[in-house]
Amino acid sequence: MPSIIITEDGQERRVSLDRDEFVVGRHYKADVRLKDAKASRQHFRIVRAGAGWKLVDCGSHNGTFVNGAAVRNHELRAGDRIQVGLSVIAFDDASGSAPAPAPAPAVTVRPPAVEAAAPEPVAAVAAVATATAERPAKPASMKTTATAARPRASERYVVAAAKKGVSPLAVVIGLCAALLAGITLYEYSRKPAVDLAVVQAKVEALRSEGARLEDEYTFDEAIAKFDEAAQAARSQKELDSLARELDARGRNAADLKARHAAACDEWDKIRINASRAQAGGPDVPGLLKRANDLMERVKNSKIAWVKELAVVVKELQGRLEKPPMDLFFECRQELAARLRTDKMDEGHFGPAIAWWKSEFLPKVKDADVRTKVGEEIARLNNVAKEAAHRAIVAAESKSRGDGPGHAAAWLEKAVKRFEGSDSEEAIREAIKKYK
């Protein structure tokens, strides 16, 4: 099973990768917790990617290094060394796959069995020794501690390898590989660092775009811009304070989003209740107080419905000052338009009666107005009785023409108009007759 070997404070521990994702960091809730003070709370993740594993940096403050190179995303291979601060984490895939090829294997040349012939390495040593002996001595003017000529470094390596039974060809290949690695490291060190001014300009552009989106109340896009700007700032140590400022700006945008959503929700409730209040619905003083409180919160904003809210506040203030009798006549007129109580075959008489009893009467103390309401309820019951009689006669006609089932279905639709009135029971008895 793949695993990681963590080395901290001179101690090693192995963690098996038995799930599809592991979070490594300093936080106590991390799947693999590090003690290193330079590790972020969530430093990086190790994620299963098909048949292998991938390392993904979580926007860490000090960065993640694999085999000495800083990475954001990296496909892990056996033997990779992950550096986090002073902690070292080795990846072991334990998959049985062939290991990565090592540089230039050493080949041992065994001497032949013939006694008369000299072994090849010995001949090489003799040839090198002969060439060295024939080299002229250094001039006396040069500072040297030895009077005899010394072989070159490459010649010494060849001689030492020959003594150990290593082929000179293998030595040459190893030297070439070391030279190539040195050249590669040198060229990598010459790569120019990212220009600080370029990063700073990018961060400022993202911050301006986030501020514009925040002013337009597109908070999700604004938060994304602030987060992107903070990530870019964290790539430069000189911009650490700016990164923290952008993180705070993103959190502020999230808070504004929540407050804006709450204000919009409150506005929807006030708007709906205000439309009912125009017909004497909910408690007008309480609704007016809620509307004034909301206006105080949003009066300096650019929200589209602020002007509509101001109109509602004005209407509720005028509503609060109306005499009770005027309110009664206005409510009766508006109920007739909304529930069509002036239409015998269309009026919803039951809901109108229920509204007068539950919504209007409990809020009115004037005796004359309460008497008027009682008279209006009696009138609606009388009209409902006549309308119910007509509906039952029409159902009888449908029963003869279309059958009892159609008559019952027609009455079940009509009964909603009479729920809460004195005629409701007559309609329900007629329904039972046809079922």
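The values are calculated or read from the model by the stated rules, or taken from the named source; none is laboratory data. Only a predicted model underlies this, so the values are computations on that prediction, with no experimental measurement involved. Cβ placement follows ideal geometry from the backbone for every residue including glycine, while neighbour counts extend to all protein chains displayed. Areas reflect the complete protein model, heavy atoms only, side chains present, ligands, DNA and RNA absent. Shrake-Rupley method; radii C 1.70, N 1.55, O 1.52, S 1.80 Å.
In plain terms, the bigger the Kirkwood radius, the slower the diffusion; for region 297-342, with that radius from Cα pairs, at 4 °C and 1.567 mPa s, Stokes-Einstein puts D at 101 µm²/s.
Hull volume per residue, based on the alpha-carbon atoms of region 343-390 and their convex hull, is 56 Å³.
Just flag the trypsin sites (Lys or Arg not before Pro) in region 300-331 sitting in loop per DSSP whose Cβ has no more than 12 other Cβ atoms within 10 Å.
Of the trypsin sites (Lys or Arg not before Pro), the ones in loops of region 300-331 whose Cβ has at most 12 other Cβ atoms within 10 Å are Lys302.
Its relative contact order, with pairs defined as Cα atoms under 8 Å and 6+ residues apart, puts region 297-435 at 23 percent.
Computed from the C-beta positions of Ala394 and Ala367, the FRET efficiency with R₀ = 45 Å rounds to 0.65. Accessible area ranking (1.4 Å probe, heavy atoms, ligands and nucleic acids excluded), largest first, for Thr7, Thr371, Thr64: Thr371, Thr7, Thr64. Rolling a 1.4 Å probe across all protein chains gives Arg33 an accessible area of roughly 130 Å².
Taking every alpha-carbon pair in region 1-79 and binning the separations at 10 Å intervals from zero gives 18, 55, 26, 1 percent. Temperature 20 °C, viscosity 1.002 mPa s: under these conditions the Stokes-Einstein estimate for region 365-435, based on its Kirkwood radius over C-alpha pairs, is 164 µm² per second. Any lysines with Cα under 27 Å of the Lys385 Cα? List them, leaving off those in the same chain fewer than 8 positions away. Leaving aside lysines fewer than 8 places away in the same chain, those within reach of Lys385 are Lys343, Lys357, Lys372, Lys398, Lys413, Lys416, Lys432, Lys433, Lys435.
Computed with a 1.4 Å probe on the full set of protein chains, the accessible area for Asp255 sits at about 80 Å². If R0 equals 30 Å, the separation of the Cβ atoms of Glu412 and Ser358 corresponds to a calculated FRET efficiency of about 0.75. Extension gain, Lys299 to Ala336, is 9.7 nm, computed as 0.36 nm per intervening residue step minus the present C-alpha separation.
Protection proxy ranking for 69-77, 86-94, 400-408, using the average of other Cβ atoms within 10 Å per residue and placing the highest first: 86-94, 69-77, 400-408. Label region 220-260 by shape, choosing from rounded, prolate and oblate, from the square roots a ≥ b ≥ c of the eigenvalues of the Cα gyration tensor; if a/c is under 1.5 it is rounded, and otherwise prolate applies when a/b is larger than b/c, oblate when it is not. Oblate, since a/c reaches 1.5 and b/c is not below a/b.
Averaging the Cα positions of each part gives two centres, and for region 291-324 and region 203-228 these lie 31 Å apart.
Rounded to the nearest Hz, the phi-derived 3J(HN,Hα) couplings of region 378-384 under the Karplus curve 6.51 cos²θ - 1.76 cosθ + 1.60 (θ = phi - 60°) are 5, 5, 5, 5, 5, 5, 4, where x marks glycine and proline. Estimated at the nearest 10 Å², the accessible area of Tyr28 is 150 Å² with a 1.4 Å probe.
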